[in-house]
């Protein structure tokens, strides 16, 4: 039986990363591509509920056909699974993202949110990103995507868990292996650039610099720095279970 | 010393819920309001990095002045703390949201994301929502917001933890108290309504019905159903720590 793989991303259906992903896994099964029509970076887990979601079929350079969705990555996965595909896929892969999704970036990531949505729908899902914003080595990340896709098609994933994959930007023979990691503690130090419109109104551009915090041991950041492919199991139960006893001791009364 | 409270939301600065929140806490300190200029529901933890963020000052019915931001709730908090306020606030409150943010809705919630952003910035933060889409009893939710704001201004919150508050839509004398809860397991059963434009193109409206899954004991859903204000400690480390050993046993090789 042919396996079914759904591909999405947040850089948009015309991005180079999604083509690299498609080419790397195309022979593993029946591939469908449903992705945003344009870049949707940093949309987090947004979904479109107040606007119509338009779609059109597109053809990329004779290589793949797919659905371009005027919506978010999470919209794409919902729409693909509910409406566009005949049957649910066996695996969802989101990427390959240009730039890492490690540490706090995970919560802003559209790439990860597509995989989160797949996981909520009960389908094994992974997000994959390359650790570079310029001169990405798509070939390395593609080979890693292919290797992991084979693994996940066989093994699946633990319930309610997606795999967040970050690939060092190195030639394949310089990748040291896989490392299972946790999301590194970090934050962005915001830099807002203030500008004035020709009419005199103020506006801002959001920019920022990632600051790593605390111990890096065992984190996605460390794996990337040392040349390992980082594999982080990610969930969507946001409860801080460790804090429940403390809060209960507050004994709040109205 | 006067305490400083920053108010934001995702229903927009002209929503009734943010006015109810403002009126409920206005005498607790110096209040600033920085909120989206229009509704931003279900934007998740989106931030605006590819567009300029416009702002303008607005006045609501002689009641409060605030900044209306053409951006997401997370943008509002970043911009307020980095640029618009003289000093960081002592407390951030996001809401009062029209409709509950319980179970899986938390990951789509713009209301919660404003509080998450505040927490990332190291500021005690809470999100507050009323469990009704029609005929909300703002007075009850406002009183609860006020009570909790007083508490958080005194106690703070555990590190990396925000408080997600859901208030039953009942008169105050029918609220049974506070319950410390976990995020209930749930998913949306998607319903896509298919339509055709006058020009013959297909588009969809996303709709869905919340399905609760698994045991409801101890969840936000159960608290609301039983008439308790639900208090869920929420974090932003998405690592599924419990899955790390299993993944390490995979012993993946390239």
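Since every read-out is calculated from the coordinates, none of them should be taken as a lab result. Just so we're clear, the structure is a prediction, and the values are computed from it rather than from any experiment. Quick reminder, even Gly has a Cβ in these numbers, built from the backbone with ideal geometry, and neighbours come from all protein chains shown.
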> Out of all the residues in the stretch A:158-178, which are in a strand (DSSP E or B) and on the phi > 0 side of the Ramachandran plot?
Replying inline: A:177
> Which one of these is more than 12 Å from residue A:229 (Cα to Cα) and touching a residue at least 24 places away in the same chain (Cβ under 8 Å): A:191, A:128, A:123?
Replying inline: A:123
> Which members of the stretch A:32-64 meet the condition of being surrounded by fewer than 22 Cβ atoms within 10 Å (Cβ to Cβ), more than 10 Å from chain B (Cβ to nearest Cβ) and within 21 Å of the chain's Cα centre (by Cα)?
Replying inline: A:32, A:37, A:64
> Filtering the stretch A:80-90 down to residues that are more than 17 Å from the chain's Cα centre (by Cα), within 11 Å of chain B (Cβ to nearest Cβ) and touching a residue at least 12 places away in the same chain (Cβ under 8 Å), which residue is surrounded by the fewest Cβ atoms within 10 Å (Cβ to Cβ)?
Replying inline: A:84
> Tell me, which residue of the stretch A:158-179 that is under 18 Å from residue A:116 (Cα atoms) and surrounded by 13 or more Cβ atoms within 10 Å (Cβ to Cβ) is farthest from the other protein chains (Cβ to nearest Cβ)?
Replying inline: A:166
> Which residue out of A:215, A:237 is assigned to a loop (DSSP other than H, G, I, E, B) and buried (at least 17 other Cβ atoms within 10 Å of the Cβ)?
Replying inline: A:237
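Here are some residues: B:226, B:209. Which one is exposed (fewer than 15 other Cβ atoms within 10 Å of the Cβ), touching a strand residue (DSSP E or B) at 6+ places or on another chain (Cβ under 7 Å) and more than 9 Å from chain A (Cβ to nearest Cβ)?
Every option except B:209 fails the conditions.
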> Has the stretch B:126-141 got at least one residue that is within 21 Å of residue A:74 (Cβ to Cβ) and not in a strand (DSSP E or B)?
Replying inline: no
> For the stretch A:184-212, what are the residues that are assigned to a loop (DSSP other than H, G, I, E, B) and farther than 23 Å from residue A:169 by Cα?
Replying inline: A:197, A:198, A:199, A:200, A:201
> How about the stretch B:147-157: which of its residues are in a helix (DSSP H, G or I) and either surrounded by 22 or more Cβ atoms within 10 Å (Cβ to Cβ) or free of Cβ contacts under 8 Å to residues at least 60 places away in the same chain (or both)?
Replying inline: B:147, B:148, B:149, B:151, B:154, B:155
> Within the stretch A:91-108, can one find any residue that is crowded, with 20+ Cβ neighbours inside 10 Å, in contact with a strand residue (DSSP E or B) (Cβ under 8 Å, 6 or more places away or on another chain), assigned to a helix (DSSP H, G or I) and within 8 Å of chain B (Cβ to nearest Cβ)?
Replying inline: yes
> Restricting the first residue to the stretch A:238-254 and requiring it to be within 7 Å of chain B (Cβ to nearest Cβ), which pairs with a second residue that is surrounded by 11 or more Cβ atoms within 10 Å (Cβ to Cβ) and assigned to a helix (DSSP H, G or I) meet a Cβ separation below 7 Å and a spacing of at least six or different chains?
Replying inline: A:238/B:106; A:238/B:107; A:252/B:151; A:254/B:147
>> Among the residues of the stretch B:42-79, what is the count of those that are in contact with a helix residue (DSSP H, G or I) (Cβ under 9 Å, 6 or more places away or on another chain) and outside any loop (DSSP other than H, G, I, E, B)?
In response: 13
